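Reading through the structure tokens given below for one structure.
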């Protein structure tokens, strides 16, 4: 072990996926996030490579939140036999268990489908990990409260603060004593928006020596127009032509925010009284956690949220089985279908897209960030066809982008949050595509006078 703390950037650099940052202290190694690479095939192949660190040496993992790009590599650690603690909030622990179990199921199902239909070049196609690996990983999750300093490894203390991104999301501050005194490093995780309709705004960050900040929207501002109103307009005109609106949505938080707005649109008569369909077992499981959080007034939940009608089952069509899902592939009557995954990288939404995209009556709404190489990004970029399950499907349905539903802070919101506390010695701009990270680093340098760096994949720096 070195006496000088260091950081190694193993993922989440030049991309919004695969977040993994190795913090090495004098007597311990802690992994900040443990995410899966998604999107481009060149990124996905990295999930099969050696991890870039010796897994036996990791003393603890810290999860900032439960999304797969921050938690989805944990079952691989468990498969290798790693059995150390994974520290996170209660909300993250509950949702990560749902996400990791679902991820394993989807990978097993995709491998089975590929082998049955012969569309994979691998013979046989194999899942990256299975349900047993996910179960072992979930057994390692250790919940700790917000704003409580916790010793997580030899000489390393952790504090989690509310990040306002999804239920349970946090920024993470690590502090370690070295020969010259205490040194601190923090990761923003994924930062939420002050205008989130369900969650309180991100908690102010503390002063630290070294900072990692996400930059998903580092070069963009969210559309100031009312996305809820635009969604209502899309639903009305689609229903008038006899079609349905399909919304690929992340199962965690994005689905809940959409349902909040859809139910309000319906109750106020701004859209027709048509079925609002939730077709994602994972989304329904996460919805139950959000219901519990609202009922029990978790600290992340806004005090002004009206839960008297919010998410009640009588306002929704909850689809659980694959057979029920198939009946909504090409609806005969107008409906709104919310289905995962949000970037259309897998899950039941692929079957809906396959049947609905060729039909001009229907519409697809993209309601959040779409990473490079994903089908959602292809739709945003105006693709004329999508490859789904080995076949090309024409895109004739109307496609509308409503990125103000995003749970990520935009460039102005990131900048305001970051610069509200004293500047760190060095700020590393991560979790963004290259242009976004470079633009945000330049803004921090030029406007705030910070030392702001976009690290290289695999780079190790002393802090």
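The values are calculated or read from the model by the stated rules, or taken from the named source; none is laboratory data. The structure presented is a predicted model; accordingly, all values stated were derived computationally and were not measured. Cβ sites come from the backbone with ideal geometry, for glycine too, and all protein chains shown count toward neighbours.
The criterion of at least 1 residues that are surrounded by fewer than 24 Cβ atoms within 10 Å (Cβ to Cβ) is met, among strands (runs of 3 or more DSSP E) falling completely within the range 180-266, by 181-187, 210-214. For the range 413-423, check the following and say yes or no: at least one residue is crowded, with 19+ Cβ neighbours inside 10 Å and at pLDDT below 95. Within the range 413-423 (the criterion being crowded, with 19+ Cβ neighbours inside 10 Å and at pLDDT below 95), the answer is no, since none of the residues qualifies.
Could you please let me know if residue 142 is under 18 Å from residue 60 (Cα atoms) and either in the same structural domain as residue 59 (by TED's automatic domain parsing) or surrounded by fewer than 15 Cβ atoms within 10 Å (Cβ to Cβ) (or both)? Yes, satisfied.
With respect to residue 93, is the statement that it is closer than 30 Å to residue 153 by Cβ, outside any loop (DSSP other than H, G, I, E, B), at pLDDT 95 or above and in contact with a strand residue (DSSP E or B) (Cβ under 8 Å, 6 or more places away or on another chain) true? Criteria met by residue 93.
Residue-level check: of (1) free of Cβ contacts under 8 Å to residues at least 60 places away in the same chain; (2) assigned to a helix (DSSP H, G or I); (3) closer than 30 Å to residue 14 by Cα, residue 351 misses just (3). If you check 400, 338, 305 for being part of a strand (DSSP E or B), closer than 30 Å to residue 162 by Cα and either at pLDDT 95 or above or outside the structural domain of residue 113 (by TED's automatic domain parsing) (or both), only one passes: 338. Residue 260 falls short on exactly one of the conditions (1) assigned by TED's automatic domain parsing to the domain that holds residue 16; (2) at pLDDT below 95, and that condition is (1).
Of all the numbered requirements in (1) touching a residue at least 60 places away in the same chain (Cβ under 8 Å); (2) closer than 29 Å to residue 377 by Cα, residue 201 misses one, and that requirement is (1). Taken as a whole, the condition of being touching a residue at least 12 places away in the same chain (Cβ under 8 Å) and under 27 Å from residue 89 (Cβ atoms) applies to residue 338.
Every listed requirement among (1) within 27 Å of residue 165 (Cα to Cα); (2) in contact with a strand residue (DSSP E or B) (Cβ under 9 Å, 6 or more places away or on another chain) is met by residue 44 save one, (2). Answer yes if at least one residue in the range 260-277 is within 18 Å of residue 102 (Cα to Cα) and touching a helix residue (DSSP H, G or I) at 6+ places or on another chain (Cβ under 8 Å), and no otherwise. Taking every residue of the range 260-277 in turn, none turns out to be within 18 Å of residue 102 (Cα to Cα) and touching a helix residue (DSSP H, G or I) at 6+ places or on another chain (Cβ under 8 Å).
Hey, does the range 54-62 have a residue that's more than 22 Å from residue 129 (Cα to Cα) and under 18 Å from the mean Cα position of the chain (by Cα)? No, every residue in the range 54-62 fails to be more than 22 Å from residue 129 (Cα to Cα) and under 18 Å from the mean Cα position of the chain (by Cα). Residue by residue through the range 20-57, note down the ones that are in contact with a helix residue (DSSP H, G or I) (Cβ under 7 Å, 6 or more places away or on another chain), part of a loop (DSSP other than H, G, I, E, B) and within 21 Å of residue 81 (Cβ to Cβ). 33, 34, 35, 36 - these are the residues of the range 20-57 that are in contact with a helix residue (DSSP H, G or I) (Cβ under 7 Å, 6 or more places away or on another chain), part of a loop (DSSP other than H, G, I, E, B) and within 21 Å of residue 81 (Cβ to Cβ).
Tell me, which residue of the range 279-288 that is modelled with pLDDT under 95 and surrounded by 20 or more Cβ atoms within 10 Å (Cβ to Cβ) is farthest from residue 101 (Cα to Cα)? This residue is 287.
In this structure, is residue 152 outside any helix (DSSP H, G or I) and either surrounded by fewer than 19 Cβ atoms within 10 Å (Cβ to Cβ) or more than 24 Å from the chain's Cα centre (by Cα) (or both)? So residue 152 passes the test.
Here residue 319 fulfils each of the conditions (1) surrounded by fewer than 21 Cβ atoms within 10 Å (Cβ to Cβ); (2) more than 19 Å from residue 406 (Cα to Cα); (3) in contact with a helix residue (DSSP H, G or I) (Cβ under 9 Å, 6 or more places away or on another chain) apart from (1). The one condition from (1) within 26 Å of residue 103 (Cβ to Cβ); (2) part of a loop (DSSP other than H, G, I, E, B); (3) within 18 Å of the chain's Cα centre (by Cα) that residue 125 does not meet is (3).
For the range 1-12, the candidate set comprises residues that are crowded, with 21+ Cβ neighbours inside 10 Å and over 14 Å from residue 42 (Cβ atoms); within that set, the residue that is modelled with the lowest pLDDT is 5. The residues listed here are 69, 147; of these, the one that is under 25 Å from residue 29 (Cα atoms) and not in a loop (DSSP other than H, G, I, E, B) is 69.
State whether one or more residues within the range 396-407 are on the phi < 0 side of the Ramachandran plot, without any contact (Cβ under 8 Å) to a residue 60 or more places away in the chain and either in contact with a strand residue (DSSP E or B) (Cβ under 8 Å, 6 or more places away or on another chain) or buried (at least 17 other Cβ atoms within 10 Å of the Cβ) (or both). Taking every residue of the range 396-407 in turn, at least one turns out to be on the phi < 0 side of the Ramachandran plot, without any contact (Cβ under 8 Å) to a residue 60 or more places away in the chain and either in contact with a strand residue (DSSP E or B) (Cβ under 8 Å, 6 or more places away or on another chain) or buried (at least 17 other Cβ atoms within 10 Å of the Cβ) (or both).
In this structure, is residue 200 over 23 Å from residue 16 (Cβ atoms) and within 22 Å of the chain's Cα centre (by Cα)? For residue 200, the condition - over 23 Å from residue 16 (Cβ atoms) and within 22 Å of the chain's Cα centre (by Cα) - is met.
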